[in-house]
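Student: Please read through the structure below; I'll follow up with questions.
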Amino acid sequence: MVLVASNRGPVSYTLGEDGSLTARRGGGGLVSGLSALGQGAGTWVCAALGEGDRAAVARSGPRLPAADTGGQAVRMLDIPPGTFEGAYNGIANSVLWFVHHLLYQTPLEPVFDTAFEAQWSAYAAYNAAFADALATEAEPGAAVLVQDYHLSLVPSLLRERRPDLRIGHFSHTPWAPPDLFGVLPDAVAGEVLRGILGADRAAFLTRRWADAFAACCAATLGAEVDWGSATAAGPAGARSVTFGGRRTLLGVHGLGSDAEFLRKRAFEPDVDERLAALREQIGARRTIVRVDRTELSKNIVRGLLAYRRLLAGHAQWRGRVVHVAFAYPSRQDLAVYRAYTAEVSRLAGEINEEFGTADWTPVVLHVKDDFARSLAAYRMADVALVNPIRDGMNLVAKEIPVVSERGVALVLSREAGAAEELGADALLVNPYDLAGTAEALHRALSMPDEERAARSERLAAAATALPPQSWFLDQVAALDALDRKG
Ligand code: G6P
C-alpha cells in the first residue's frame, strides 16, 4: 500500500452561489505518478484549501466521493482556518519558501517575533493533523511519500505514531545553503531538519539541493554525513545523514515532463483556437514566451527589465518581436504577492508606453489562468524565457521544447534545477544579470533556424527522460528496497 501526503491535493471544489459544488481535478507529476500504480491504488491525504473544499468535506466527510476524484482514494483534512492560515501562508509560504528561494530582503526582513511563534505552533498542529490521518489510513508496513516544505515535521511525527511504516520525504523546492538556512531561529531550523530526518529516505530534485540539505544537517545539528563514494555519480543512494542513532538515506529524483500527455493535449481543438487568436494578434513577429505563476522566485520583473534592455540596446528587434508573458495569480492572500503582481502589470504597461507603436505592442501580458492558451504559446515560441532566482526544477523549461513547432531557443536561469539536465543546449543566465539576460535573448532571437531546431530537439529528449510515472515508481521502489534489507 502506498500513501501520498501533500498540502494541495488532486481535487479542488468551488462553491456556487446556489450552494452547488463543482469538483475540478488537477494535473501535475504526483497525479500522473500515482496513476502509474494502477487504477484505484494508493491513498492521497491532503488539506482542504478553501471554502469549496471545506464545504465538500462538511457534506461528504473527509473521504471524498470516487465520482469527484476519478476513483482515487482521497482523504481531505479540514484543518481549522486559523491553523491553516498560520501554517500555509505563514510558515510554509512566507518563511520556508522564502528561505529556500533566497527571497528575504535584509536588513528589514525577516523578523521572527511573537506572530511568527504563533504561526510556528499552527504549523506544528497542521503537521500533526497530517501525521494522525496518515497513521489512521496506513496498513501495516505501508510506504508513505510525504511531499514538500509544508509537511517537514510529518516524517518524525509519523514515525513516533507508526514505527512500522516506510517513510519517504520529497522536497520539490531548492534547499538553502547552511549560511542562509541559518537565518531561521535555531530551534525552528533544528525541528525542520529533525522532522525530515524522521524519514527513511529524504529525496530532492537535484544533487545540489540534496547536498545543501546534508550540509545544513551537519552545520545545524552536528549530524554525521556520509557523502558516498566519489565515483557514485548517479542517484545519491549511497549517501546518508545519521542523527540520533538513525540513518536517513538521501535520494535524487529529477522530474521530467510528460511527453505523451503534452503531445496529445497541446494539439486539441481548444489549443488550436487560442493559437489562431495569438497568431492573429502577433502576426509574423518573433515571440519570446514565458509562462509562470506570478511568483516572486520566478523573477518576472527582472525578465521584463531584461526585455526592455534588449529593445533599448538592439533596436533592430523593435517592431519585430513580441514578449508573450503569462503570469497567473498565485498566493494572493499574501500582500507581497499582490504587490508583485501589480508591479508586473505596471512594468509591462511602461514598456508598451515607451516602445509601442500604432501596430506593435511589445509585451502581451495575460494574467488569467488558461492552460490551453499556455500550450498555444508553447507551440508558437521562438524563444522561451525561464529566469527564476531559484527553482527546484522548473517544468515550463521542460515542457516548451516538447511541443514547440519550429524549435525553441531556451534562455534558462543557471539557478533552476532544470539547468543540470538542460544546460548543454540552453543559453544559461545569471538571473540577477540584466545585461547578460538581454544579451542571451538577443543571441536566442538571432540563432540560425537549424541550430535552434537541433538544440530544441535535444532539449526535448533531455526534458522527457524522466517522466512523472517513473519518477514516482522509482521512489516507491527505493522504499521497497529498504524494506527487503530490513
Ligand atoms: C510549488 C510547490 C508545491 C505547490 C506549488 C503551487 O511547486 O513545490 O508544493 O503546490 O508550488 O503553490 P500553491 O501554494 O498554490 O500550492
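The values are calculated or read from the model by the stated rules, or taken from the named source; none is laboratory data. All values reported here derive from a predicted model rather than from experimental measurement. As a convention, Cβ positions derive from the backbone with ideal geometry for all residues, glycine included, and neighbour counts pool all protein chains shown. Note: areas computed on protein heavy atoms with side chains; ligands, DNA, RNA excluded. Shrake-Rupley method; radii C 1.70, N 1.55, O 1.52, S 1.80 Å.
Student: Charges at C-beta only: +1 for Lys and Arg, -1 for Asp and Glu. How large is the resulting dipole of the range 1-138 about its Cα centre, in Debye rounded to 20? Please report the intermediate quantities before stating the final value.
Tutor: Details: 7 positive and 12 negative charges, 105 e Å.
That gives the range 1-138 a dipole magnitude of about 500 debye.
Student: With the cut-off at 16 Å, report for the range 140-197 the share of all Cα pairs above it, as a whole percent.
Tutor: 45 percent
Student: Then there is this: Step through the residues of the range 423-440 one at a time and calculate ³J(HN,Hα) from phi using the Karplus curve (6.51 cos²θ - 1.76 cosθ + 1.60, θ = phi - 60°), rounding each to whole Hz and writing x for Gly and Pro.
Tutor: x, 5, 10, 8, 9, 7, 10, 7, x, 8, 8, 5, 5, x, 5, 4, 5, 5
Student: Determine, from the Cβ-Cβ distance of R246 and E405 and an R0 of 51 Å, the FRET efficiency 1/(1 + (r/R0)^6), rounded to the nearest 0.05.
Tutor: The computed FRET efficiency comes out at 0.50.
Student: Over the range 243-343, with a single point scatterer placed on each C-alpha, what log10 of the ratio I(q)/I(0) does the Debye formula yield at q = 0.10, 0.15, 0.25 1/Å?
Tutor: The Cα Debye sum returns log10 ratios of -0.50, -0.92, -1.22.
Student: For the chain, which whole-number percentage of the solvent-accessible area (1.4 Å probe, protein heavy atoms only) is attributable to carbon and sulfur atoms? Please report the intermediate quantities before stating the final value.
Tutor: Values: 10310 of 19680 Å².
Here it works out to 52 percent.
Student: Work out, step by step, the length gained on full extension between E260 and D132: first 0.36 nm times the residue separation, then minus their alpha carbon distance; give nm to one decimal. Write down the numbers at each step before the final one.
Tutor: On the way: separation 128, 0.36 × 128 = 46.08 nm, distance 3.72 nm.
Answer, rounded to one decimal: 42.4 nm.
Student: So if the hydrodynamic radius of the range 398-452 is defined as the Kirkwood radius over C-alpha pairs, what does Stokes-Einstein give as its diffusion coefficient at 25 °C and 0.890 mPa s, in µm² per second?
Tutor: Calculated translational D: 210 µm²/s.
Student: Between W360 and A41, what is the label-to-label distance in nm when each label sits 7 Å out along the Cα-to-Cβ direction?
Tutor: Calculated label separation equals 5.5 nm.
Student: Enumerate lysine pairs in the chain that are 8 or more residues apart or on different chains, then count those whose Cα atoms are under 27 Å apart.
Tutor: Details: K264/K368; K264/K398; K298/K368; K298/K398; K368/K398.
Close lysine pairs under the 27 Å cut-off: 5.
Student: Spin-label point model (7 Å from Cα, Cβ direction): what's the D179 to Q332 distance in nm?
Tutor: Going by the 7 Å Cα→Cβ label model, 3.9 nm.
Student: By per-residue mean of other Cβ atoms within 10 Å, what is the highest-first order of 103-114, 404-415? Before the final figure, lay out the partial values.
Tutor: Details: 103-114: 10.3, 404-415: 23.0.
Going from most to least packed, we get 404-415, 103-114.
Student: Spelling out what I want: for every residue of the range 86-100, take phi, set θ = phi - 60°, compute 6.51 cos²θ - 1.76 cosθ + 1.60 (Karplus), and round to whole Hz; glycine and proline get x.
Tutor: x, 6, 7, 6, x, 5, 5, 8, 9, 10, 5, 4, 5, 4, 6
Student: Additional query: Expressed as a whole percent, how much of the Cα-Cα distance distribution for the range 1-60 exceeds 20 Å? Provide the component values of the computation, followed by the final result.
Tutor: Working: 550 of 1770 pairs.
Here the long-distance tail beyond 20 Å is 31 percent of all Cα pairs in the range 1-60.
Student: If you don't mind, there's one more thing I want to ask. Can you compute the charge dipole magnitude of the range 401-472 about its Cα centre, using +1 on each Lys and Arg Cβ and -1 on each Asp and Glu Cβ, nothing else charged? Give it in debye, rounded to the nearest 20. Mind showing how you got there, number by number?
Tutor: Numbers: 6 positive and 11 negative charges, 12 e Å.
Dipole size: approximately 60 debye.
Student: Using the Cα centre of the chain as the reference point, and only Cβ charges (+1 on K/R, -1 on D/E), how large is the resulting charge dipole? Debye, rounded to the nearest 20.
Tutor: Numbers: 49 positive and 57 negative charges, 131 e Å.
Once rounded to the nearest 20, the dipole reads 620 debye.
Student: With θ taken as phi - 60° and the coefficients 6.51, -1.76 and 1.60, list the Karplus ³J(HN,Hα) couplings across the range 410-415 in order, rounded to whole Hz; mark glycine and proline as x.
Tutor: 9, 9, 10, 5, 5, 8
Student: A further question on this structure: Quick check: convex hull over the Cα atoms of the range 117-171, volume per residue in Å³, rounded to an integer? Mind dumping the intermediate values first?
Tutor: Numbers: hull volume 3.4 nm³, N = 55.
Dividing the Cα hull volume of the range 117-171 by its residues yields 62 Å³.
Student: Please compute the per residue accessible area over the range 42-180 with all protein chains in place, 1.4 Å probe, rounded to a whole number of Å². Before the final figure, lay out the partial values.
Tutor: Details: 5190 Å² over 139 residues.
Heavy-atom SASA per residue in the range 42-180 reads 37 Å².
Student: Can you show me the helix-derived [θ] at 222 nm for the chain, built from DSSP H runs with n ≥ 4 at -39,500 (n - 2.57) apiece and divided by the number of residues, rounded to the nearest 500. Walk me through the numbers before you get to the answer.
Tutor: Numbers: 20 runs with 211 residues, N = 486.
The helix-only estimate for the chain comes to -13000 deg cm²/dmol at 222 nm.
Student: In addition: For the range 353-486, what number results from the quotient of the Cα radius of gyration and 2.2 N^0.38 Å?
Tutor: Output field value: 1.26.
Student: Moving on to the next point. If I fit a long axis through the Cα atoms of helix 371-380 and take the longest principal axis of the Cα atoms of the chain, what angle between them do I get, 0 to 90°, rounded to 10?
Tutor: 50 degrees
Student: A further question on this structure: Would you mind pulling out the separation of the Cα centroids of the range 278-341 and the range 62-84, in Å?
Tutor: 36 Å
Student: Let me ask another. Show the residues, 5+ positions off or on another chain, whose built amide H is closer than 5 Å to the amide H of H366.
Tutor: A325, F326, A327
Student: Suppose all protein chains stay in the model; what accessible area per residue would a 1.4 Å probe give for the range 374-439, in Å²?
Tutor: Numbers: 1560 Å² over 66 residues.
Ligands and nucleic acids excluded, the figure is 24 Å² per residue.
Student: A further question follows. Which value, in Å², gives the accessible area per residue of the range 236-306 when a 1.4 Å probe is used on the protein heavy atoms? Walk me through the numbers on the way to the answer.
Tutor: On the way: 3000 Å² over 71 residues.
The answer is 42 Å² per residue.
Student: Could you please tell me the mean projected area of the C-alpha convex hull for the range 22-99, averaged over all directions and given in square nanometres to one decimal? Don't skip to the end; give the middle numbers.
Tutor: Values: hull surface 23.3 nm².
Taking a quarter of the hull surface, the average projection is 5.8 nm².
Student: Quick one: in the range 1-152, what % of C-alpha pairs are over 26 Å apart?
Tutor: Details: 3532 of 11476 pairs.
Every Cα pair in the range 1-152 considered, those over 26 Å come to 31 percent.
Student: Separate question: Could you list, bin by bin from short to long, the percent of Cα-Cα pairs of the chain in 10 Å steps?
Tutor: 4, 19, 29, 27, 16, 5, 0, 0
Student: Using R₀ = 30 Å, calculate the FRET efficiency as 1/(1 + (r/R₀)^6) where r is the Cβ-Cβ separation of F112 and D474; round to 0.05. Can you show the working numbers first?
Tutor: Details: r = 37 Å, r/R0 = 1.25.
That pair, F112 with D474, gives E of 0.20.
Student: In whole angstrom, how long is each semi-axis of the equivalent ellipsoid of the range 332-395, when you take the square root of 5 times every eigenvalue of its Cα gyration tensor and sort them from largest down? Before the final figure, lay out the partial values.
Tutor: Working: eigenvalues 96, 76, 32 Å².
That gives 22, 19, 13 Å for the three semi-axes.
Student: With everything on Cα atoms, drop me the angle between helix 186-196 and the longest principal axis of the chain, reported from 0 to 90° to the nearest 10.
Tutor: 80 degrees
Student: In the chain, if the dipole is taken from +1 on Lys/Arg beta carbons and -1 on Asp/Glu beta carbons about the Cα centre, which of P401, A335, A454 is farthest to the positive end?
Tutor: After comparing all options, I get A454.
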